Amino acid sequence: MIDEKTVPDAGLCRVIRANAMTVVFEVVVPMALFYGLRAAGVSQWWALMAGVLVAAPFVVWTIVRNRRVDLPALVTLSVLVLSVVLGLLSDDPRTLAIREGWTAALGGLFGVWMLVTVVVGRPAQLTLGRTIAEVKRGAEGAAAWAARWETDARFRRGLRINTAVWGAVLLANAVAHVVLVYTLPIDLISLVTTVVWLGALACLITWHVWYLRKEHLDA
């Protein structure tokens with residue numbers, strides 16, 4: 001017999017596992033392949049192209065498994081296709097690095113959207129938090145969490161601040177990422193941009209967890 005209390009936790013674990021697999025197959029594996037091939041003497045162009053192509057099967061498998069093309073998969077797939085097309089049109093390896101800059105730019109646009117929601121309508125964290133709450137608590141629990149927006153001023157202020165921080169960090173990272181892609185030596189782009197992004201993400205998640213607990217905003 002399934003314990004109903006464990007269902008939300010199981011759903012959350014599936015979300016975490018899916019995101020971890022995405023990081024592994026779309027970031028870690030391509031980067032490891034790139035530097036492995038470079039160490040073996042393979043040219044920058046082919047090493048970058050291999051990193052692009054190795055991520056494609058995982059994206060396709062995700063779409064087939066879910067039987068739908070969600071937004072993250074669509075963005076990733078479009079970036080991969082763009083990288084391949086640009087790579088075939090030019091033998092300059094830096095053209096393949098546009099994948100890094102394009103992905104970061106999309107993250108920056110998401111950050112801009114989050115900042116806009118802080119002052120227009122309701123903050124993005126209310127929508128995102130309700131989705132997380134539904135995974136953890138079910139539909140009724142999510143509705144109860146979201147209903148706090150109407151009655152709790154501290155809740156509203158906290159969500160606006162948290163959304164603003166996420167938006168600002170995502171936008172700043174995007175700007176830094178694009179600059180690094182077009183100024184660093186090609187062999188350093190993958191390593192440096194990944195380290196910068198993971199560092200920013202670690203700080204952001206640490207802030208997020210601390211602030212949610214401090215302000216009692218946890219979904």
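Filter the range 61-71 for residues that are at pLDDT below 75 and hydrophobic (A, V, I, L, M, F, W, C); which is surrounded by the most Cβ atoms within 10 Å (Cβ to Cβ)? In this case the residue turns out to be ILE63.
Per-residue answers, yes or no, for (1) modelled with pLDDT under 90; (2) within 20 Å of the chain's Cα centre (by Cα); (3) surrounded by 16 or more Cβ atoms within 10 Å (Cβ to Cβ); (4) within 30 Å of TYR35 (Cα to Cα):
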site: GLY108; (1), (2), (3), (4): yes, yes, yes, yes
site: LEU171; (1), (2), (3), (4): no, yes, yes, yes
site: VAL175; (1), (2), (3), (4): yes, yes, no, yes
site: VAL181; (1), (2), (3), (4): yes, yes, yes, yes
site: ILE189; (1), (2), (3), (4): yes, yes, yes, yes
site: THR193; (1), (2), (3), (4): yes, yes, yes, yes
site: CYS203; (1), (2), (3), (4): no, yes, no, yes
site: TRP207; (1), (2), (3), (4): no, yes, no, no
site: ALA219; (1), (2), (3), (4): yes, yes, yes, no
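Considering the range 143-174, the residues that are in a helix (DSSP H, G or I) and of a type in the set (D, E, K, R) include one that is nearest to ALA202 (Cα to Cα), namely ARG160.
The values are calculated or read from the model by the stated rules, or taken from the named source; none is laboratory data. All values derive from a computational prediction rather than experimental measurement. No Cβ is skipped: glycine too gets one built from the backbone with ideal geometry, and neighbour counts run over all protein chains shown.
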